[in-house]
Amino acid sequence: MGDRGNIQINQPLVGEASGEASIFFYTHWRGSQICQVLAKALDDNRDAWNNPDYLTRMIFNELQGDDRTNKGFGIGISEIDPEYPTPEVYWTTRTSKFGTQMPDELMVEYNGEISTGDEFVDRFTNPRLRDRADQEFEPTLEMLVIE
């Protein structure tokens, strides 16, 4: 019983020539809202999109909300019993003048679709788009009309 979900974060190994490290956030009670939680965290913390360490913590804070009990949330190196597809946050990278990688653009892969951070936020915070989020996504004329 529960409403389990995960968010995967793939941080680039900043200062290294290549590579990344993965971490998973787990919720026992907010799995059906996982994309909306992630979109809110991203939208509220746009100034941290180029700083994977800070943004990762901010995403977990949003997932937890005000709940500081010792059960219901977790942090691990593998996915935990998901009931819903797991969104994966990652960064494209660029090479610094020292030959090491730096984070560049924030991206999110969800259910086989790759989005920029802006596209993901729009998709899961816009009520018209959110209702169709787990279906094949094709914008309709109604969605494109500016009110």
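What does the convex hull of the alpha-carbon atoms of the stretch 5-144 project to on average, in nm²?
If I average the Cα hull's projected area over directions, I get 9.3 nm².
Say each of residue 28 and residue 51 gets a label point 7 Å from the Cα, pointing the same way as Cα to Cβ; how far apart are those two points in nm?
Between residue 28 and residue 51, the label points sit 3.3 nm apart.
Taking 0.36 nm per residue of separation and subtracting the Cα-Cα distance, what length does fully extending residue 105 through residue 69 add?
Extra length available between residue 105 and residue 69 comes to 9.6 nm.
What number, in percent, do you get for the relative contact order of the stretch 5-144 if the mean sequence gap of Cα pairs under 8 Å and at least 6 apart is divided by its residue count?
Reported relative contact order: 29 percent.
Compute the label zone of residue 94 within the stretch 17-61: residues whose backbone N is under 14 Å from the point 7 Å along Cα-to-Cβ.
Of the residues in the stretch 17-61, 50-51 have backbone N under 14 Å from the label point off residue 94.
Of all trypsin sites (Lys or Arg not before Pro) in the stretch 32-74, which ones are in loop regions per DSSP and have a Cβ with at most 14 other Cβ atoms within 10 Å?
Those that pass, being in a loop and sparsely packed, are 68, 71.
Report the label-to-label distance for residue 3 and residue 125 in nanometres (one decimal), using points 7 Å from each Cα along the Cα→Cβ vector.
Computed distance between label sites residue 3 and residue 125 equals 2.1 nm.
Values in this text are rule-based calculations from the coordinates and carry no lab data. Please read these numbers as outputs of a predicted model, since none were measured by experiment. Note that we place each Cβ from the backbone using ideal geometry, even for glycine, and neighbour counts take in every protein chain shown.
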